[in-house]
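The values are calculated or read from the model by the stated rules, or taken from the named source; none is laboratory data. Computed from a predicted model, the values in this text were never measured in an experiment. Please note: Cβ atoms are built from the backbone with ideal geometry, for glycine as well, and neighbour counts cover all protein chains shown.
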Amino acid sequence: MAKRNREDTNLAEKQIFTTGEAAQICNVSQQTIIRCFDSGRLSGFRVPGSKFRRIPRAELIRFMKENQIPFDHLDGDRKRILVVDDDNQIVELLVDVFRSEGDFEVKTATTGYDAGVMTESFRPHLIILDYMLPDINGNVVCTTIRSNPDYKDIKILCVSGVVNNDEVQQLLAAGVDDFMKKPFNIEKLLSRVNELLQISANS
């Protein structure tokens, strides 16, 4: 089991896949992947001077979506969290906490614009979103994310120390899954994150 977990984690970090790796991720035979590649259903490139085929991550994701193939092996075991906050102390604290847990891969953004870019490239399972950002408010970020059907499964936990109850209701209406007031207890935050991601405390 430990070996399988390591293999899945390695695949989750790769950007270019062999046909064998693509077959493992899609849970099909290598010959099936080769046939899809050769017929043009799955794009990629050949290694110069050889017959070896290589498949970019973005193309494999497209193929999997098109054929409704689960992303279990591609995602690996770790959950991806995007921390969006312009307070460096909070960002550093959350990054340290989540990385020390070992179950999470963490990236950060300090503006709403960067949050959009990182959501596209990183595809987080959960976004911890500050309400007051330098360029736009968190509810605008949330509305933008919720307008894209590709992001429908992303959980959003909004944090702020300055919003009133009406603004909290607006956030929930915009698609925020949960809200926590700053300053927050880190243990409570971890508990909320685990609940949103459906991670067992014993896992």
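Things to note:
- Residue in the range 63-85 that is touching a Leu at 6+ places or on another chain (Cβ under 7 Å) and among the aromatic types (Phe, Trp, Tyr) present: yes
- Pair list, Cβ < 8 Å and 6+ apart or interchain, from the range 18-41 residues that are under 17 Å from Pro70 (Cα atoms) and of a type in the set (Gly, Ala, Ser) to residues that are assigned to a loop (DSSP other than H, G, I, E, B) and modelled with pLDDT of 90 or more: Ala22/Leu42; Ala23/Ser29
- Condition broken by Gly20, with the remaining ones in (1) in contact with a helix residue (DSSP H, G or I) (Cβ under 7 Å, 6 or more places away or on another chain); (2) crowded, with 18+ Cβ neighbours inside 10 Å satisfied: (2)
- Residue list for the range 130-174, restricted to those being within 26 Å of Asn88 (Cβ to Cβ), of a type in the set (Asp, Glu) and at pLDDT below 90: Glu167
- Entry remark, the range 94-120: residues being out of contact with any helix residue (DSSP H, G or I) (no Cβ under 7 Å at 6 or more places or on another chain) and not basic (Lys, Arg) number 16 in total.
- Restricting the range 119-132 to residues that are under 19 Å from Leu189 (Cα atoms) and not in a loop (DSSP other than H, G, I, E, B), the residue that is farthest from the chain's Cα centre (by Cα): Met132
- Flag: Phe104 matches the condition of being of a type outside the set (Ser, Thr, Tyr) and within 28 Å of Cys26 (Cα to Cα).
A quick yes/no check of all residues on (1) part of a helix (DSSP H, G or I); (2) of a type in the set (Phe, Trp, Tyr); (3) surrounded by fewer than 16 Cβ atoms within 10 Å (Cβ to Cβ):
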residue	(1), (2), (3)
Val117	yes, no, yes
Pro134	no, no, yes
Val140	yes, no, yes
Thr144	yes, no, no
Cys158	no, no, no
Arg192	yes, no, no
